[in-house]
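Some notes on the structure that comes next.
The values are calculated or read from the model by the stated rules, or taken from the named source; none is laboratory data. In this text the structure is predicted, and so the values were computed from the model without any measurement. Cβ: placed from backbone, ideal geometry, glycine included. Neighbour counts: every protein chain shown.
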Amino acid sequence: MDRRHFIRNASAFGALAGLSALTPAWARSPLTHGPLRQPGLQPTVRRRGLVEYDLTIDRTPLAFGGRTGSAVTMNGSVPGPLLRFTEGDEAVIRVHNRLDEMTSVHWHGLILPNDQDGVPHVNFPGIEARSTFEYRYPIRQFGTYWCHSHSAFQEQLGHYAALVIDPAGPEPYAFDREYVIVLSDWTFEDPHDVLDNLKNRPNYYNFQRQTVAGLLAGEGMGARERMNWERMRMDPTDISDITGATYTFLMNGQAPDPGWSGLFRPGERVRLRFINAAAMTFYDVRIPGLPMTVVQVSGQHVEPVETDEFRIGVAETYDVVVEPADRAYTLFAEAMDRSGYARGTLAPRPGMTAPVPEMRDRPSLTMMDMGMAHGGPGMDHAGMGMGDHSGMDMGGEAAAPMEGMDHGAMGHEPPAPDHPAAAAPIMAHGDHAQSADEVAMPGVDNAGLRPPGALPDVTPHGADDHGIANAMAPDQTRSRLHEPGIGLGDDGRRVLVYTDLRALHPEPRRAPDREVELHLTGNMERYMWGINGKTYAEDPLIPMVYGERLRLTMVNDTMMNHPMHIHGMWMELENGHGQRIPRVHTVVVKPAERVSVLLEVDALGPWAYHCHILYHMDLGMFRVAMVQRPDDWDAETLAEMYPSGLPAGFPRRDLARG
């Protein structure tokens, strides 16, 4: 946003401080019991599978928590209108840009033609000021998704909306009512000023940091740990770059007091479609007194698993089914750094509320988040040495259970035996028996790569520390998919972890043809972010060959969590479940973690790949996955990808997308 325009608007709208936030109709608390499914925006046209919408992007004065700011809105609201389709529809969406600047709409998680993906200067020119652009693409999937701007900081300013696609056939899970829950974060500051503040002082918004005296004293640290923190110029409480010091945390566009609310009839199964549309904030979601059964992740069906809490990274989507009793419940979405929360209410009657839980103590990063090696050779599965751990904080994530361990043994209570079951069997933590279709142990195939679906090995960091653009490379990286994440898992609640996720139906998983390793790098003190120590401007492309099966291994050299997203193709998360590894459009990579995904490279063209933390992406944690046929790559690049030549019979199978 142009700074002068922002300041001028803020002044003009200051007189409207009493204006209520304009919440879209689908997200308003109904006065009576609503329908089974939330109605979306009324289409301009709906006939014989053709669904047309008109969206207007404009600046609108909106109030959040009693203050008014200038939002970039879709059809005048934040979030924008709910767009609803059915699998098999043809979508036609006309976007009318009334801004004085370029805009765009990216359809997050949708598999569609390259020129409809909506990333300016990558696969379309953008939507110029005061102009209209028409998107047209087939709907070939189902599930919970969302859309947002890929232009400047418009996403931070409110330019996002929910998108739900109903399946052509029946759902595998029974439910009687649904609500879409969009979580986001709002600042009254100009986002450019926010970025300037971070570049000038990276801990500008961290009001929870340790005192100088406390840090020097170590507050329980060993000498090595204290030295490492000082060397990185980083505080152990640097969990989120931007905090509640400037953010108002929103649920369906509403600030926590009084927050969003939705009604239900006692005895109903209620499906909640959670979308994290925040620019920077990870949320820990729970409904005190009400277990949640996770049934869909990234719009894809998974085997149902019951949990008390889940962490939703930026851009992720989770669908859960709950069975509330005749009482009110609080939907509590606590910021990962504990600097604030978003809040909503589920109730059987209007006006009912439930207690709001107290905020938990702020978490702190540990030596495990640094990837410090302990014990050298002979590491166990967790990547921790069996030798001396003096000076190491064994709380928090270090104490998280390993895959295959019963979470109940770690203080997690099993589900109550009289809790009603969902339509499909419910799995609790630790209930996944290892079956013949699962591959969890390391090993290699004929090409020297481990089998598809297997977890990565504990791996020492290479000699390349990526220079000044990377503050400190970890000694080693390993899979942390079994860990709930910093600040979770030590209070007796069951917490969803990535190793709990199994695709509802097994599928043959073709072995990868090659592996690409990318390091997520950053320097918090200088507020620099990149991949392999370089920004997008310095190293823009990830070359890919149309038809190949690619293993993409992401190594997090930083102390921050990074939600990584690739456009146009599914990622198959290698979480140890063989033929049941889940498909995701976004995956969170924890500090000092090594995560691998499989890609069926079946979509020609340039596709964005990036961290979905908006300010990290803006500063360089962004690449273009360039997919071309073998003959379209120059011989040198092709030789770098396949030194021994392309695999026999390449490509191995029909790439028709479904």
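Observations on the model:
- Scanning the range 598-638 for residues that are touching a Leu at 6+ places or on another chain (Cβ under 7 Å), in a strand (DSSP E or B) and without any contact (Cβ under 8 Å) to a residue 60 or more places away in the chain yields a single hit, Leu599.
- Residues of the range 291-330 that turn out to be without any contact (Cβ under 8 Å) to a residue 60 or more places away in the chain and in contact with an Asp or Glu (Cβ under 8 Å, 6 or more places away or on another chain), as a count: 1
- Here the range 84-119 is the region considered, the condition is being of a type in the set (Lys, Arg) and not in a loop (DSSP other than H, G, I, E, B), and the residue that is modelled with the lowest pLDDT is Arg84.
- Filter pass, Gly267 being assigned to a loop (DSSP other than H, G, I, E, B) and more than 30 Å from His150 (Cα to Cα): yes
- Residue in the range 581-597 that is aliphatic (A, V, I, L, M) and assigned to a helix (DSSP H, G or I) present: no
- Number of the exception - Asp337 against (1) farther than 28 Å from Pro350 by Cβ; (2) touching a strand residue (DSSP E or B) at 6+ places or on another chain (Cβ under 7 Å): (2)
- Filtered residues of the range 608-627 (kept if in contact with a helix residue (DSSP H, G or I) (Cβ under 7 Å, 6 or more places away or on another chain) and farther than 17 Å from His192 by Cα): His610, Cys611
- When the range 558-590 is limited to residues that are of a type outside the set (Val, Ile, Thr) and at pLDDT below 95, the one that is surrounded by the fewest Cβ atoms within 10 Å (Cβ to Cβ) turns out to be Met560.
- Criterion (under 30 Å from Arg629 (Cα atoms) and touching a Ser or Thr at 6+ places or on another chain (Cβ under 7 Å)) met by exactly one of Glu507, Glu538, Glu517: Glu517
- Single condition Gly80 does not satisfy, out of (1) assigned to a loop (DSSP other than H, G, I, E, B); (2) more than 17 Å from Tyr135 (Cβ to Cβ): (2)
- Residues that are in a strand (DSSP E or B) and among the acidic types (Asp, Glu) were ranked within the range 146-188; the one that is farthest from Val321 (Cα to Cα) is Asp185.
- The selection criterion, being of a type in the set (Asp, Glu) and closer than 27 Å to Arg526 by Cα, does not hold for Asp602.
- Test: Thr60 is at pLDDT 95 or above, of a type in the set (Ser, Thr, Tyr) and more than 19 Å from Leu110 (Cβ to Cβ): yes
- No other residue among Pro582, Pro591 is out of contact with any Cys (no Cβ under 6 Å at 6 or more places or on another chain) and more than 30 Å from Tyr205 (Cβ to Cβ) apart from Pro582.
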